[in-house]
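Only one structure is covered here, and it is reproduced in the block below.
What follows draws every value from the coordinates through simple rules; no lab data is involved. Predicted, not measured: the structure shown is a model, and the values here were computed from it. We place every Cβ from the backbone using ideal geometry, glycine too, and count neighbours over all the protein chains shown.
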């Protein structure tokens, strides 16, 4: 924990008694106002008593502190755990920033624990897995995202060739067109037989 984070601890100063499940709208607004004033970052309420910033940091009302993020050894992504009714869920920061700041998602805690928000991948445009700012994150279909990274490795492509959102979208469009073409060809063969 840094000195900066120590300054935040206690700064919010909300009565945490009985604040393990739900915050009122006024409490959320007050916490966001104080966090933004003190950190200079944009903050959004995530779920329960958790907040996420546009710089990829997380705050817990229950702990009354900026959450220390962990990093996957194999994937290298930042994450933290949230708790709800005795269950724990690993939350990847880049996915949360993308959902909250690029798509203004309003989370449902039951859907979150059921995996309702896990249908797409979040791609880092600059390929830096630690750069979790909103303008560096885009949605990609899981299959196409994996395929793109496999092709980069297979063909030893320079990542700078696929470093813009337009190029990523063009890649997705190309793959979608190729898939549709394959279906059309199969339909033609089916009609001939």
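The figures follow:
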read-out: Contour minus Cα-Cα distance for residue 110 and residue 72 (0.36 nm per residue); value: 11.2 nm
read-out: Inter-probe distance in nm under a simple model that places probes 7 Å from Cα toward Cβ, at residue 154 and residue 141; value: 1.6
read-out: 16 Å cut-off, amide nitrogen to a point 7 angstrom out along residue 25 Cα→Cβ, residues in the range 89-107; value: 106-107
